Amino acid sequence: MADGNGKTVRVFLDTKGRKGKMVTLISGIQHNPAVIEVLAKELKQYCGAGGTVRGRDVEIQGDQRKKIAEKLLAMNFVVKQ
């Protein structure tokens, strides 16, 4: 399980370049790529949705902002929306 150590991440909805489909984007994650992959897997399972990692950003399909914010707060991240 990834630990945020009080680091700030942004959670927002994005539709640009996706033919109108929504994804919830988590950006500003300050961890190494392996930890980001683990975090993405946990968030996808928690939301019951697909997603991917692009660089240091995690994309989760659909509007999952509320669920993701709750989960990240439980993991000791500071969430900005």
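The values are calculated or read from the model by the stated rules, or taken from the named source; none is laboratory data. Keep in mind that this is a model prediction, so the values were computed, not measured. Note that each Cβ is placed from the backbone with ideal geometry, even for glycine, and that neighbours are counted across all protein chains shown. The protein model used for the area step is the full one, side chains on, heavy atoms only, and it has no ligands, DNA or RNA in it. Shrake-Rupley method; radii C 1.70, N 1.55, O 1.52, S 1.80 Å.
The listed residues LYS19, LYS66 rank as LYS19, LYS66 when sorted by accessible area, largest first, using a 1.4 Å probe. This model, with +1 at the C-beta of Lys and Arg and -1 at the C-beta of Asp and Glu, gives the chain a dipole about its Cα centre of some 300 debye. Using a cutoff of 8 angstrom between alpha carbon atoms and counting only pairs six or more residues apart, the relative contact order for the chain works out to 42 percent.
Quick check: residue separation of LEU73 and THR8 times 0.36 nm, minus the Cα distance between them. What number comes out in nm?
Here the answer is 22.4 nm.
Solvent exposure of LEU13, expressed as accessible area, is near 60 Å², computed with a probe of 1.4 Å over the protein chains only.
Listed values (i) 3, 14, 21, 21, 16, 12, 8, 4, 1; (ii) 3, 17, 31, 29, 15, 5, 1, 0; (iii) 3, 12, 11, 10, 9, 7, 7, 6, 5, 6, 5, 6, 5, 4, 3, 1 include one computed from this model; for P(r) over Cα pairs in 5 Å bins from 0, in percent that value carries the label (ii). Accessible area per residue for the stretch 5-73, computed on protein heavy atoms with a 1.4 Å probe, is 59 Å². As I understand it, the value is the acute angle between the Cα axis of helix 65-74 and the longest principal axis of the Cα atoms of the chain; what does it come to in degrees, rounded to 10? Rounded to the nearest ten degrees, it is 10.
Of the heavy-atom accessible surface of the chain (probe 1.4 angstrom), what whole percent is carbon and sulfur?
Taking all protein chains in place, the chain shows 49 percent carbon and sulfur surface.
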